[in-house]
Amino acid sequence: MKVMIVGVGGQGTLLASRVLGAVAMDEGYDVKMSEVHGMAQRGGSVVTYVIYGDQVHSPVIEKGEADVIVSFEELEAYRWVSYLKKGGKLIVNTQKIDPMPVITGEAKYPSNIIEKIKAMGIDVTAVDALSIATEAGNQKSVNIVLMGIMAKHSGIDCDKWIQAVRRTVKPQFVDVNLKAFQMGYGLA
Amino acid sequence: MLGNEAVARGAYEGGVRVVSSYPGTPSTEITEEIAKYDEVYSEWAPNEKVAAEVAIGAATMGARSLTCMKHVGFNVAADPIFTVSYIGVNAGMVIAVADDPGMHSSQNEQDSRHYAKASKIPMLEPADSRECKEYTKKAFELSERFDTPFIIRLSTRISHSQSLVSLEERNDLGVREYVKNPGKNVMMPAMAKKRHIDVEKRTLALQEFAEECEFNTVEDNHSKIGVITDGIAYQYAKEALGNQVNYLKLGMVYPMPKKLIQDFAANLETVYVIEELDPVIEEHCRVIGIPVVGKEKFSLIGEYTAAQIKEVVLGIPAPFKYQVEENVPIRPPVMCPGCPHRATYYVLKKLGLTVSGDIGCYTLGALAPLNSVDTCVCMGASVSAALGMEKARGKEFSKKLVSVIGDSTFIHSGITGLIDIVYNKGNNTVIILDNSITGMTGHQDNPTTGKTIKGEPTKAVDLEKLAHAVGIDRVRICDPFDLEAFEKVVREETEADEPSVIIAQRPCALLKSVNYGAPVIINQDKCKKCKMCMKIGCPAIFINEEGNITIDHSLCNGCGLCMRMCKFDAIEKVGK
């Protein structure tokens with residue numbers, strides 16, 4: 001299983017990939033994850049890979065290979081969609097964050113991205129995870145809302161996911177994140 | 001476990017007692033992890049040279065030691081490392097160096113394997129987290145056996161990938177006896193000449209060892225095609241080629257075996273060398289008479305992919321891909337909302353200054369819309385290069401020139417450049433961007449923060465006194481968010497007829513202690529759409545679909561810099 005988690009630096013993609021990695025590890029799979037740190041993290045386009053199965057070699061996913069892409073932002077979904085394999089699934093948060101070239105007026109934010117991706121024949125689940133996270137009590141738990149949706153499609157028991165969320169997030173944020181997870185899970 | 005965590009674990013289990021490093025992506029987490037073990041002394045040093053020397057001192061006195069750095073950090077540490085190669089070790093010493101193929105967070109793409117050959121220090125290269133732990137642990141033992149430091153070479157995808165690792169107990173051997181031995185430990189010509197002979201003997205012994213080293217492994221899949229590979233490239237090759245070819249995976253990349261490679265290649269029709277960056281293994285193969293396919297088919301640049309390898313070796317084209325016809329705007333990294341550097345660069349741009357830049361988050365000041373930084377070379381170069389700029393173009397030019405350098409980078413190697421400015425009568429203005437932390441690499445303490453790696457209070461370097469002490473008479477401290485005052489200070493100091501230092505003080509917006517309270521909102525009734533607030537390039541400020549300038553509350557941290565930009569008081573705090 002090859003999962004890509006993409007978004008904008010600072011949105012919490014790293015934590016999401018660690019939750020998924022923990023779940024896969026608990027299931028007894030060989031797991032590899034690849035992350036980005038340093039300059040690449042500063043508000044730029046970020047991608048983390050989580051790969052699990054009987055035996056995993058490469059820690060990265062290439063074009064046309066991903067089973068699932070979880071995107072924290074619409075433009076990032078568009079940027080990385082070519083990494084999806086034929087028949088792969090896209091889970092996308094409908095939030096839009098203008099990149100600097102759009103803010104400075106050098107480029108335009110593409111319109112109707114989700115419709116365009118659907119028109120490519122891709123299975124898309126689009127949700128407003130930011131609103132859900134805000135409702136759950138903390139807008140920073142967008143990542144866990146999206147993991148809730150991912151969980152529903154993972155074929156892995158919901159309780160295992162809940163344990164992984166408990167273990168991965170900071171103690172003071174466990175309650176709000178579990179609520180965010182349940183709301184995401186209930187949606188999908 | 002992250003590759004870097006596994007290196008830390010390997011060192012811990014291998015009985016390391018002293019660790020000294022300077023942070024640098026992708027190597028930073030090794031030392032951060034080590035700091036969690038109470039049995040191990042660990043520290044952030046001012047730079048990689050100092051860190052390596054601390055590790056050398058510890059190993060000489062009988063404690064197993066480790067120093068960690070990124071590839072460009074090795075350049076800084078190279079001086080002591082080349083000579084400790086002659087000295088050797090008392091207790092084991094390991095140098096971990098992390099390369100960054102693809103330059104995720106670096107200014108160049110150098111291949112550290114050249115350093116192993118150049119310094120004659122053996123190098124191991126793990127290909128996943130399990131090997132990171134195993135190789136590091138073993139490296140201490142081998143270091144003592146062969147009387148040389150060992151280098152562990154990592155790369156971004158090894159350091160920052162997670163894979164499974166099993167833990168073992170720590171093997172603490174205590175501190176070895178120290179016996180005074182100037183012939184071995186004092187490197188001056190008479191002694192070094194003798195030691196060089198020993199080094200060459202050692203290299204021969206290591207070449208023998210490479211033939212049977214457990215980290216050089218052959219995988220025979222009864223194919224007529226062979227692949228010789230190392231590190232992360234092995235994983236890509238396995239992903240691409242599975243069991244369709246034979247593999248020789250080199251876990252020891254310096255020195256390399258001869259007979260092992262010759263035997264591996266003996267009955268093969270084609271041998272490919274698959275290695276990222278430079279043709280280090282390839283050239284070795286050619287020297288020992290093995291014809292291989294290497295860089296004529298594979299790139300010298302960036303990271304490899306399994307798809308590429310599959311296409312070259314098996315002739316199978318890349319799989320189906322969804323195509324996006326439209327142009328997707330790039331999303332380069334930006335300074336965070338609330339970043340103090342944003343204000344600094346706004347002022348420097350407004351004044352039309354030439355900016356000699358340096359390494360850190362603040363290098364992002366080169367990008368639109370601030371477009372402020374003119375040059376960036378390496379740690380510390382902002383200061384010394386500015387003196388060169390002045391000497392090239394004269395004192396008047398220097399009055400429209402500033403250096404910008406972070407607090408940690410200034411301590412790393414900016415101070416020596418400042419001394420050069422004073423000593424050689426420069427007129428430069430150096431702005432120290434003092435954000436109270438090492439920002440880019442993820443908030444490490446440094447000599448100016450008053451805390452050690454373990455969070456213990458310690459003396460902090462006083463940058464103001466330091467500048468005075470080296471002979472700078474004009475030292476100003478100013479908050480860049482106070483835009484008017486800061487502009488005045490920069491104007492006065494650049495125009496002055498003597499060198500000066502401006503300490504631009506405001507903490508990194510990501511520090512826990514920084515809390516600007518509620519986000520801000522644009523009152524659309526008052527907004528004249530003059531776009532002044534957009535000149536600072538804050539990622540939270542954008543124009544929405546209705547054409548109104550808007551603030552994204554999921555990004556805004558309420559720093560209020562944009563409020564200071566607005567002449568119409570149209571930006572307001574929503575609550576406290």
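The values are calculated or read from the model by the stated rules, or taken from the named source; none is laboratory data. Please read these numbers as outputs of a predicted model, since none were measured by experiment. Positions of Cβ are backbone-derived with ideal geometry, glycine not excepted, and every protein chain shown enters the neighbour counts. We work out accessible area using only protein heavy atoms, side chains counted, and drop any ligands, DNA or RNA first. Shrake-Rupley method; radii C 1.70, N 1.55, O 1.52, S 1.80 Å.
Odds and ends about this structure:
- Principal-axis analysis of the Cα atoms of chain B puts helix B:48-60 at an angle of about 40° to the longest axis.
- The coefficient of translational diffusion for the range B:133-199, derived via Stokes-Einstein from the alpha carbon Kirkwood radius under 10 °C and 1.306 mPa s, stands at 103 µm²/s.
- The range B:335-400-the range B:1-69 distance, computed between alpha-carbon centres (Å): 33 Å
- Mean residue ellipticity (222 nm) of chain B, computed from DSSP H runs ≥ 4 via -39,500 (n - 2.57), nearest 500: -10500 deg cm²/dmol
- With the charge dipole of the protein assembly as shown set up from +1 on Lys and Arg Cβ and -1 on Asp and Glu Cβ about the Cα centre, the Cα lying farthest toward the positive end among the listed residues B:TYR362, B:GLY57, B:PHE320 is that of B:TYR362.
- Pairwise FRET efficiency - B:ASN221 versus B:ALA318, Cβ, R0 = 22 Å, nearest 0.05: 0.40
- Listed by chain and number, the aspartates and glutamates placed with their C-alpha closer than 12 angstrom to that of A:LYS160 are A:ASP26, A:GLU27; residues fewer than eight positions away on the same chain are left out.
- Overall dimensions of the range B:198-304, expressed as equivalent-ellipsoid semi-axes from the Cα gyration tensor (√(5λ), whole Å, largest first), are 22, 16, 13.
- Computed helical MRE - 222 nm, chain A, DSSP H runs ≥ 4 contributing -39500 (n - 2.57), nearest 500: -12000 deg cm²/dmol
- Neighbouring Cβ atoms from other chains, within 10 Å of the Cβ of residues in B:522-531, number 0 on average.
- Across every direction, the projection of the convex hull enclosing the Cα atoms of chain B has a mean area of 30.9 nm².
- Shown for chain A are no DSSP H helices, since none reaches 30 Å along its axis, judged by Cα atoms, with a mean Kyte-Doolittle hydropathy of at least 0.0.
- Across the options B:MET565, B:ASN523, B:GLY537, the greatest Cα extent toward the positive end of the charge dipole of the range B:520-573 (unit charges at beta carbon of Lys, Arg, Asp, Glu) belongs to B:MET565.
- Once the mean of 1/r is taken over each pair of separate Cα atoms and inverted, the protein assembly as shown shows a Kirkwood hydrodynamic radius of 27.8 Å.
- Measuring r between the beta carbons of B:LYS526 and A:ASP54 and using R0 = 51 Å, the FRET efficiency lands at 0.25.
- Residue-averaged beta-carbon neighbours from other chains (10 angstrom radius) around A:102-108: 6
- Both the radius of gyration and Dmax for the range A:2-187 are 15.6, 49 Å, in that order, over alpha-carbon atoms.
- Here r is the Cβ-Cβ distance between B:ALA496 and A:THR104 and R0 is 30 Å; the resulting FRET efficiency, rounded to 0.05, is 0.30.
- For A:ASP26, the accessible surface of its heavy atoms amounts to roughly 60 Å² (probe 1.4 Å, protein chains only, rounded to the nearest 10).
- Degrees between helix B:71-87 axis and first principal axis of chain B (Cα, 0 to 90, nearest 10): 40 degrees
- Two-site label geometry, B:ILE288 and B:LYS576: point separation in nm, points 7 Å out along Cα→Cβ: 7.3 nm
- The value given for the range B:462-508 is a Kirkwood hydrodynamic radius of 11.1 Å, derived from the mean inverse Cα-Cα separation.
- Translational diffusion of the range B:340-505, µm² s⁻¹ [Kirkwood Rh, Cα pairs; Stokes-Einstein; 4 °C; 1.567 mPa s]: 83 µm²/s
- Label positions at B:HIS443 and B:PHE82, each projected 7 Å from the Cα along the C-beta direction, are separated by 4.0 nm.
- Cα pair distances of the range B:3-212 binned at 10 Å [whole percent]: 9, 38, 38, 13, 1
- Net length available on complete extension from B:ILE301 to B:GLU200 is 33.1 nm, with 0.36 nm assigned per residue and the Cα-Cα distance removed.
- Sorted largest first by accessible area at a 1.4 angstrom probe radius, with every protein chain in place, the residues A:MET183, B:MET69 fall in the order A:MET183, B:MET69.
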